[in-house]
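Nothing in this text is a laboratory measurement; each read-out follows from the coordinates by a stated rule. The shown structure was predicted, so the numbers you read here are calculated from the model rather than taken from an experiment. Neighbour counts are summed over all protein chains in view; Cβ atoms, including those assigned to glycine, are modelled from backbone coordinates with ideal geometry.
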Amino acid sequence: MRDVAVIGVGMIPFGRRDEDTLLDMLAYASLHALDDAGLGDQGVDAVYVGNMGAGILQHQTAIASSLVDRLSLLPAAAETVENGPASGGSAVKNGLLAVASGYYDTVLVVGGEKMREVTGWRATDFVATMTHPLAEYIYGITLPGLAGMFTRLYMEKYGITREHLIAVAMKNQEMGALNPYAHVEMALSREGIYDSPHSIVNNPVVADPLHLYDACPVSDGAAALVLCPLEKIKKPAKPPVVIAGFGQATDTQTLQEREDPTDLKAVTLAAQQAFEMAKLKPSDIHVAELHDAFTILEIAESEHVGFFKKGEGGKAALMGKTRLGGTIPINMSGGLKARGHPVGATGVAQVVDIVHQLRHELPKERQVKNAQNGLTINFGGFGNNVLAFVLRRVEL
Amino acid sequence: MKKPIGIVAYKCKKCGRLHYPWHDRCLACKNREFDPISPQGKARLLTFTRIYNLPWGFDQRYLTIGVVEFENGVRAMGQIDADENYPLKVGDWLQPSWDTVRVQYGENVYGLKLTPA
């Protein structure tokens, strides 16, 4: 297996992008990544597109084929990868394996989703289609609903409180306000969402015990990477970052069939595999992008990947250990909570964010000083399909 | 007329693990043979949520959904018929029934309904 480097990254600002089609967004992010890689007019061998919902939301299929045509990348191999909210991570994995195996040398990985052109009612239903059709979906369960049930269990078992959840929401929105690519560029005041009587209106219950500001927004957006073998890089314009490890694991589709529904086994396994492959341990990681579709998930994932003991993640967030300058800064992009969650784009965007961190090219308000190793967790379903990537800065 | 609960769970003939929904192989031992099991008795609430941002197909203000465990160990999700202010809590015993849980394309869809006992 060859070491695989990320030589180009690109992203467009996430949010509501009424003026762009899904293909526009995928194309813009791809061109940014190709330019960042310095490829000029050079082609790529293959293109992997992570997308969950174009068939449902845009009534458009085979978008990878459309993208290579639009970008004049013919006759590159092209595939769309659908794996729920882990579609982006799965696209990265496919690109990684294709280059690592020696089959392809230059691969473009893109993730994108256009969710805001349908009503919230429809978007919520679209995301819920990943639940079990007979045992869950028919009841009207939503992903915030599953997260609400999970949060209640986590609160009872580990003593998590709204204070812990608010600490995550405030940190991530503070970072989002500093990120020009973020969907929600607005810092929160504790008074506005929790302390004042107006917080009932500002921050209503979405799926109790979760409130509006515990959840990520519904976003449009796209992100892209260019991968190549590390051995082919001679005089890099930017410090190369390698994908030193990856892992992927699955769990039961329904929460009710898990022996302990608070145990996110797939997160633990995926992270362990990624650490083992990279020959690193959780304490070697300097910055992480975790899948905080809901504030509780950042806390739970920070424990399941091994940054904190079970039951300690909430306290760590409250004590500032996950902030810039803390022991393990998490979601310095703002995370899904503020950067946004165009589902198919997220797994790719997380890798883009970590590459920026490891290249040391972010403004100091978001840059983790001298970061060498980073981790991403892309969480599909409700933890039933999870991808982890460990990235490492390389000095040539 | 009261409808029987339409849930069928599956008990592995080899190791006894209960499954719902259906799996072709046992999640514990990979065995492919199961005995069908019907949920029995009342249902104890394991967790729940009240959802206020509902998906397409639900034209109402909120929906209460929970996961319960029946007296014979079968676990399932269902809709809970409880007023917004009802002090529902984990561990409550609920009375199960089989009733309309949504209407899709003009057709009633039946599922597990739960009422505070």
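Before moving on, here are some points about what is shown:
- Out-of-range pairs (alpha-carbon distance over 19 Å; input A:171/A:238; A:234/A:281; A:281/A:309; A:171/A:364; A:315/B:89; A:114/A:337): A:171/A:238; A:234/A:281; A:315/B:89
- Relative counts (whole %) of C-alpha pair distances in the stretch A:262-396, using bins that are 5 Å wide: 2, 11, 23, 26, 22, 12, 3, 1, 0
- Percent of C-alpha pairs per 5 Å bin, the stretch B:40-116, short to long: 3, 16, 27, 24, 17, 9, 4, 0
- Whole-angstrom gap from the stretch A:48-117 to the stretch B:30-77, using each part's C-alpha centre: 36
- Unit charges on C-beta of K, R, D, E only; dipole of the protein assembly as shown, Debye: 1180
- Relative contact order (%) - chain A, alpha-carbon pairs under 8 angstrom, separation at least six: 26
- Prolate/oblate/rounded call for the stretch A:123-228, Cα gyration tensor, a/c under 1.5 rounded: oblate
- Averaged over A:116-128, number of beta-carbon atoms from partner chains that fall within 10 Å: 3
- Gap separating the Cα centres of the stretch A:1-46 and the stretch A:207-279, nearest whole Å: 19
- Dipole of the stretch B:40-116 computed with +1 at Lys/Arg Cβ and -1 at Asp/Glu Cβ about the Cα centre; of B:53, B:82, B:68, farthest Cα towards the positive end is B:68.
- Proximal aspartates and glutamates relative to residue A:235, as straight alpha-carbon distance under 19 Å, when same-chain residues fewer than 8 apart are discounted: A:3, A:35, A:36, A:41, A:105, A:361, A:395
- Proximal aspartates and glutamates to residue B:42, defined as alpha-carbon separation beneath 17 angstrom and excluding residues fewer than eight positions away on the same chain: B:69, B:71, B:81, B:92, B:99
- The alpha-carbon of residue B:13 sits under 12 angstrom from the alpha-carbons of these aspartates and glutamates, leaving out residues fewer than 8 places away in its chain: B:33, B:35.
- Tensor-based shape of the stretch A:116-177 (alpha-carbon gyration tensor, a/c under 1.5 rounded, otherwise prolate or oblate): oblate
- The stretch A:172-260: Rg to Rh, with Rh as the Kirkwood radius over Cα pairs: 1.14
- Only Lys, Arg (+1) and Asp, Glu (-1) charged, at Cβ; the stretch B:40-116 dipole about Cα centre in debye: 180
- Evaluating 6.51 cos²θ - 1.76 cosθ + 1.60 at θ = phi - 60° for every residue in the stretch B:39-44, the Karplus couplings come out as x, 10, x, 7, 10, 9 Hz, glycine and proline recorded as x.
- Relative contact order for the stretch B:40-116, counting Cα pairs under 8 Å that sit 6 or more residues apart, in percent: 30
- Taking every alpha-carbon pair within the stretch B:76-117, the share separated by more than 15 Å comes to 45 percent.
- Projected area, mean over directions - chain A, Cα convex hull, nm²: 17.7
- For the stretch A:247-335, the square roots a ≥ b ≥ c of the C-alpha gyration tensor eigenvalues yield an a/c of 1.5 or more together with a/b not exceeding b/c, which makes the shape oblate.
- Residue order for A:35, A:353, A:45, fewest other beta carbons within 10 angstrom first, comes to A:35, A:45, A:353.
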